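The values are calculated or read from the model by the stated rules, or taken from the named source; none is laboratory data. Worth saying up front: this structure is predicted, and the values here are computed from it rather than measured. Don't worry about glycine lacking a Cβ; one is built from the backbone with ideal geometry, like all the others, and counts go over all protein chains shown.
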Amino acid sequence: MSYAEVFDAWKRDPEGFWMEQARAIEWERMPSRALFDDKAPMYEWFSDGLVNTCWNAVDRHVEAGYGDRVAIIHDSPVTHTKHAITYAELRDRIASLAGALKAKGVGKGDRVIIYMPMVPEALEAMLACARLGAIHSVVFGGFAAHELAVRIDDAKPKAIIAASCGIEPGRIVHYKPLLDGALAQARHKPDFCVIFQREQEVAKLEDGRDFDWHGFQYGVEPADCVPVEGNHPAYILYTSGTTGQPKGVVRPTGGHLVALNWTMKNIYNVDPGEVFWAASDVGWVVGHSYICYAPLIHGNTTIVFEGKPVGTPDAGTFWRVISEHKVRSFFTAPTAFRAIKREDPKGEYLKKYDLSGLRALYLAGERADPDTVNWAADMLGVPVIDHWWQTETGYAIAANPVGIEHLPVKVGSPSVAMPGYDVRILDEGGHPVPAGTLGAIAVKLPLPPGTLPTLWNAEERFRKAYLDHFPGYYETGDAGYVDEDGYLWIMARTDDVINVAGHRLSTGAMEEVLASHPDVAECAVIGMSDELKGQLPVGFVCLTKGVERPHDEIAKECVALVRDQIGPVAAFKHVAVVDRLPKTRSGKILRATMVKIADGAEVKVPATIDDPAILDEIRGALGGIGLARA
Ligand code: COA
Ligand code: AMP
């Protein structure tokens with residue numbers, strides 16, 4: 001079948017399409033129907049089915065005779081180690097960990113926060129929760145204690161599973177002190193913590209609260225899989241919104257299994273048994289979907305890579321991993337390729353490795369700029385597939401479905417809508433616009449299986465953030481257009497979210513931190529474009545009247561404050577002290593105009609501006625901190 005035929009088949013009978021895909025999953029009780037629309041616009045899928053994620057990701061492959069197949073390869077250039085875990089070993093390890101959690105009272109519906117680096121134990125912790133029907137929430141290691149505390153207070157976990165440390169090039173990330181700091185700040189206290197001690201750093205455990213990962217499992221009864229309803233939350237993943245309070249995206253169990261399984265062949269074009277690699281981090285949605293769940297559900301081998309595209313030890317690391325482990329499909333963020341291109345523009349490292357097994361490169365997480373796509377295609381000699389999605393959806397909204405039909409690539413476009421997504425471009429009034437016209441990208445409800453049904457404990461916020469603006473649609477927060485051939489072009493965010501090295505960050509959250517500095521009266525954070533990371537945050541602060549301390553001292557404190565409160569991942573390093581911020585006469589800060597100035601783009605002075613002279617002051621301030629662009 002062609003892409004058009006598959007898409008039409010879905011459009012003609014969406015429920016029939018998804019029920020058919022649901023047959024690839026082993027249900028304890030098959031759902032009676034696909035869509036549950038009685039609470040529209042709050043939709044659910046497969047709600048009355050009974051199923052277990054861990055069973056489908058692990059046990060069933062062992063039962064089917066594939067216990068000796070490698071499930072996970074841990075390749076860790078930062079610790080100079082590599083090892084493989086088979087599906088049978090993985091099942092036993094997960095059953096044992098789940099048994100220990102169960103013995104301590106963790107059960108269906110309890111939340112468990114996981115704070116771990118790129119080690120297989122992170123996946124085991126996620127799957128052990130899934131085995132019990134407990135709801136995990138993984139927190140990225142680059143976040144500071146405060147961000148962890150915010151998530152602890154929102155998710156109210158019964159337990160926290162953490163590692164003693166992570167390893168960034170040139171430094172150890174001390175997870176345990178960060179965890180202790182978060183627990184000191186959080187109002188909610190978990191019953192207990194489980195600490196995976198790494199040999200690079202053995203953390204001090206607190207009596208009665210902290211348990212060693214290994215000792216904790218000793219002598220316990222392994223736990224069986226607990227079937228849960230199709231609409232039971234599999235996990236909560238916090239993502240950036242417009243404020244400092246992150247949004248807890250809920251992932252429903254049944255739809256997650258069905259949809260992810262579908263993507264592995266149809267988008268990523270791999271068959272069970274083949275090696276799939278997503279070079280991301282388990283703390284992000286790409287890590288949830290394509291390091292942990294989808295490859296395992298589909299019976300592939302997944303790679304847990306603990307390293308960077310460059311510097312661990314060099315710009316050839318990705319090629320080594322692809323050739324050594326026979327990776328068929330490879331997924332990463334464009335920023336990783338920009339980093340490699342910067343170090344090795346001629347691809348000298350590529351010559352050292354045999355990449356003949358690689359069939360395609362997939363890019364997502366941020367806009368794939370044509371230079372990067374073309375360079376990657378030239379160097380690797382395989383199709384480069386840009387695809388567009390978000391934490392909220394959990395898998396691609398638009399892609400080139402290579403496993404169905406390799407559509408012509410249009411560089412700069414993530415290609416076409418996937419079955420399940422009725423993508424529309426709307427004007428401010430919510431009316432569809434003609435092909436080629438820029439507008440807000442929305443998806444006609446219902447969203448397909450596996451996408452977010454709501455936000456954790458925040459249904460009102462869910463409605464307000466995604467449903468209210470365009471009734472009958474899900475608002476993606478991205479702007480763009482569809483061309484005459486139905487290809488989507490993603491141009492910008494419509495909110496204050498920025499994308500720094502493929503990481504989604506909130507400028508609003510950074511502004512809240514800056515505003516807490518005692519000398520700051522007012523502030524704005526913008527994302528200026530950056531050749532390597534896509535965007536970089538830049539802060540502008542106005543000082544409280546009478547403050548006469550040196551500006552560079554205050555700027556340094558602001559940088560340190562954001563690192564301390566949000567974390568190193570914010571990559572917040574630039575602050576300019578200014579007298580005033582450009583505003584409209586009604587007092588709205590003109591952030592978009594500030595971005596244009598920072599990018600050196602042509603600036604049209606907004607008709608509503610209070611005082612145009614401020615724009616030159618902003619230009620001057622950027623020059624003052626070495627960020628002037630012609
Ligand atoms: N734990 C702790 N700290 C982390 C971290 C983690 N898991 N990940 C990143 N950090 C830190 C980095 O060490 C760095 O700290 P520094 O300011 O002390 O140098 C800071 O956060 C910023 O990190 P990053 O933006 O990643 O920059 P970088 O210079 O370390 O690396 C790239 C740049 C391009 C190599 C890197 O960003 C990359 O590989 N990106 C791929 C992105 C990705 O996988 N995105 C997921 C969506 S697909
Ligand atoms: P996240 O939720 O972290 O996956 O970030 C999702 C956001 O990243 C999207 O809403 C887009 O703004 C951006 N994004 C992700 N993939 C792409 C892509 N292929 N092209 C352009 N932007 C993308």
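So here's what we get for this one:
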{"read-out": "Every residue from the range 568-595 that is at pLDDT 95 or above, small (Gly, Ala, Ser) and outside any strand (DSSP E or B)", "value": "ALA570, ALA571"}
{"read-out": "The range 481-510: number of residues that are farther than 20 Å from ILE589 by Cα, within 16 Å of ligand 1 (Cβ to nearest atom) and of a type in the set (D, E, K, R)", "value": "1"}
{"read-out": "Strands (runs of 3 or more DSSP E) enclosed by the range 198-266 - at least 3 residues per element that are more than 30 Å from THR81 (Cβ to Cβ)", "value": "233-239, 247-252"}
{"read-out": "Search result, residues across the range 1-26 that are hydrophobic (A, V, I, L, M, F, W, C) and surrounded by fewer than 20 Cβ atoms within 10 Å (Cβ to Cβ)", "value": "MET1, ALA4, VAL6, ALA9, MET19, ALA24"}
{"read-out": "Failed criterion for ARG23 (all others in (1) without any contact (Cβ under 8 Å) to a residue 12 or more places away in the chain; (2) more than 26 Å from VAL250 (Cα to Cα) hold)", "value": "(2)"}
{"read-out": "Residue tally, condition buried (at least 24 other Cβ atoms within 10 Å of the Cβ) and of a type in the set (Phe, Trp, Tyr), over the range 31-53", "value": "2"}
{"read-out": "PRO169 being surrounded by fewer than 19 Cβ atoms within 10 Å (Cβ to Cβ), closer than 21 Å to ILE303 by Cβ and modelled with pLDDT of 95 or more", "value": "no"}
{"read-out": "Condition check for THR79: among the polar types (S, T, N, Q), over 29 Å from TRP456 (Cα atoms) and at pLDDT 95 or above", "value": "yes"}
{"read-out": "Hits in the range 346-363 - residues which are touching a residue at least 24 places away in the same chain (Cβ under 8 Å), in a loop (DSSP other than H, G, I, E, B) and farther than 28 Å from ASP271 by Cβ", "value": "GLY347"}
{"read-out": "Residue match in the range 335-347 (condition: of a type in the set (A, V, I, L, M), more than 11 Å from ligand 1 (Cβ to nearest atom), at pLDDT 95 or above and surrounded by 23 or more Cβ atoms within 10 Å (Cβ to Cβ))", "value": "no"}
{"read-out": "Residue match in the range 449-461 (condition: away from ligand 1 (no atom under 16 Å from the Cβ) and more than 29 Å from PRO252 (Cα to Cα))", "value": "no"}
{"read-out": "Counted residues, the range 564-579 - those being more than 16 Å from ligand 1 (Cβ to nearest atom) and either within 24 Å of PRO169 (Cβ to Cβ) or acidic (Asp, Glu) (or both)", "value": "1"}
{"read-out": "Selection within the range 271-299 - more than 16 Å from ligand 1 (Cβ to nearest atom), part of a loop (DSSP other than H, G, I, E, B) and surrounded by fewer than 24 Cβ atoms within 10 Å (Cβ to Cβ)", "value": "ASP271, PRO272, GLY273, GLU274, GLY299"}
{"read-out": "Cβ-Cβ under 7 Å pairs, at least 6 apart or on other chains, the range 279-308 side charged (D, E, K, R), far side modelled with pLDDT under 95 and within 16 Å of ligand 2 (Cβ to nearest atom)", "value": "none"}
{"read-out": "All strands (runs of 3 or more DSSP E) inside the range 75-170 with 1 or more residues being within 16 Å of ligand 2 (Cβ to nearest atom) and of a type in the set (A, V, I, L, M)", "value": "135-138"}
{"read-out": "Residue within the range 378-393 that is within 16 Å of ligand 1 (Cβ to nearest atom), closer than 18 Å to ASN269 by Cβ and β-branched (Val, Ile, Thr) present", "value": "yes"}
{"read-out": "Matching residues, the range 1-42, being among the aromatic types (Phe, Trp, Tyr) and out of contact with any Pro (no Cβ under 9 Å at 6 or more places or on another chain)", "value": "PHE36"}
{"read-out": "Selection status of GLY539, farther than 30 Å from GLN245 by Cα, under 33 Å from the mean Cα position of the chain (by Cα) and away from ligand 2 (no atom under 16 Å from the Cβ)", "value": "no"}
{"read-out": "Residue that is out of contact with any Asp or Glu (no Cβ under 7 Å at 6 or more places or on another chain) and on the phi < 0 side of the Ramachandran plot, where the choices are ALA501, ALA440, ALA515", "value": "ALA515"}
{"read-out": "Residue in the range 223-239 that is among the aromatic types (Phe, Trp, Tyr), under 16 Å from TRP456 (Cβ atoms) and either within 16 Å of ligand 1 (Cβ to nearest atom) or surrounded by fewer than 20 Cβ atoms within 10 Å (Cβ to Cβ) (or both) present", "value": "yes"}
{"read-out": "HIS174 vs. criteria within 21 Å of VAL559 (Cα to Cα), touching a Cys at 6+ places or on another chain (Cβ under 7 Å) and either within 14 Å of ligand 1 (Cβ to nearest atom) or not basic (Lys, Arg) (or both)", "value": "yes"}
{"read-out": "Given (1) surrounded by fewer than 20 Cβ atoms within 10 Å (Cβ to Cβ); (2) out of contact with any helix residue (DSSP H, G or I) (no Cβ under 7 Å at 6 or more places or on another chain); (3) in contact (Cβ under 8 Å) with a residue 40 or more places away in the chain, number of the condition HIS146 does not satisfy", "value": "(2)"}
{"read-out": "Residue satisfying condition, being surrounded by fewer than 15 Cβ atoms within 10 Å (Cβ to Cβ) and within 16 Å of ligand 1 (Cβ to nearest atom), within set LEU536, LEU561, LEU532", "value": "LEU532"}
{"read-out": "Selection from the range 499-521 of residues that are within 13 Å of the chain's Cα centre (by Cα) and not in a loop (DSSP other than H, G, I, E, B)", "value": "ASN499, VAL500, HIS503, ARG504, LEU505"}
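For (1) over 25 Å from the mean Cα position of the chain (by Cα); (2) within 16 Å of ligand 2 (Cβ to nearest atom); (3) charged (D, E, K, R), each residue gets a yes or a no:
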{"residue": "ALA315", "(1), (2), (3)": "no, no, no"}
{"residue": "PHE330", "(1), (2), (3)": "no, yes, no"}
{"residue": "ARG338", "(1), (2), (3)": "no, yes, yes"}
{"residue": "LYS346", "(1), (2), (3)": "yes, no, yes"}
{"residue": "GLU366", "(1), (2), (3)": "no, yes, yes"}
